[in-house]
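S.K.: Have a look at this one.
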Amino acid sequence: MSVLWLPIGPPASGKSTLASQMVNADKLASDGVVSPDYYRRVLTGDIGDMGENALVFDLCLKIMHARLDHQLDVWLDATNTNPGFRSDMIATASLPGVVVVGIRMTTPVEECRLRNELRDRTVPKGPMEGLIRQYQNVDWSNTGVDLLVDDRDVLGLDYSEVMTSVFEGAK
């Protein structure tokens with residue numbers, strides 16, 4: 001059994017930080033963090049270069065699917081605010097024994113804006129506001145995930161209880 005961790009939140013909401021905390025708490029292998037930013041840097045030398053996004057997300061999708069197929073957990077370190085993209089990721093994870101855990105990032109959007117401005121690498125204002133709007137329009141009652149939790153509760157989750165509750169609930 002494996003988990004696709006799907007954090008849902010705007011830039012600077014703490015998704016990468018939470019992934020690092022999961023790794024440091026031995027709840028996730030470091031190579032289980034699949035980050036479009038990383039592959040942008042690998043392919044173009046610049047994580048802000050969106051020119052190869054189709055290839056970047058194709059790579060992320062293939063890596064995610066292969067890891068899940070080998071019963072290895074994945075943290076998809078992206079905003080995951082776009083419902084079509086999120087549906088594609090969930091469909092890719094439709095493998096026997098895979099649980100999709102959605103993580104609602106609860107950092108207030110004003111804090112995200114401030115954090116973004118303080119970063120070395122900022123998301124430009126237009127795209128940032130678009131991603132915030134997508135986040136504000138997420139239908140939390142219909143995300144398509146097996147389990148939805150708030151970011152502050154992730155580190156306290158008992159992995160075996162999550163798997164048991166999701167699979168028993170499916171019966």
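The values are calculated or read from the model by the stated rules, or taken from the named source; none is laboratory data. Values in this document were obtained by computation on a predicted structure and should not be read as measured data. Cβ placement follows ideal geometry from the backbone for every residue including glycine, while neighbour counts extend to all protein chains displayed. Heavy atoms of the whole protein, side chains included, go into the accessibility calculation; ligands, DNA and RNA do not. Shrake-Rupley method; radii C 1.70, N 1.55, O 1.52, S 1.80 Å.
S.K.: Counting other Cβ atoms within 10 Å, keep those with at most 12, restrict to DSSP loop, and tell me which GluC sites (Glu not before Pro) in the stretch 54-127 are left.
M.R.: Hits after loop and neighbour filter: nothing returned.
S.K.: For Leu72 and Thr122, compute 0.36 nm times the residue count separating them, minus their Cα-Cα distance, and round to one decimal in nm.
M.R.: Here the segment from Leu72 to Thr122 would lengthen by 14.8 nm.
S.K.: GNM on the chain, C-alpha springs below 10 Å: top fluctuator among Asp151, Asp26, Asp69?
M.R.: Ranking Asp151, Asp26, Asp69 by mean-square fluctuation puts Asp26 first.
S.K.: While we're looking at this one, here's another question. Can you list the trypsin sites (Lys or Arg not before Pro) in the stretch 73-162 that are in a DSSP coil and have 13 or fewer other beta carbons within 10 angstrom?
M.R.: Answer by residue number: Arg119, Arg121.
S.K.: Another question, if that's okay. Need one value: the accessible area of Met50 in square angstrom, 1.4 angstrom probe, rounded to the nearest 10.
M.R.: 110 Å²
S.K.: So for the chain, if I pair up every lysine 8 or more residues apart or on another chain, how many of those pairs have alpha-carbons under 28 Å apart?
M.R.: Going through the chain pair by pair, I get 5.
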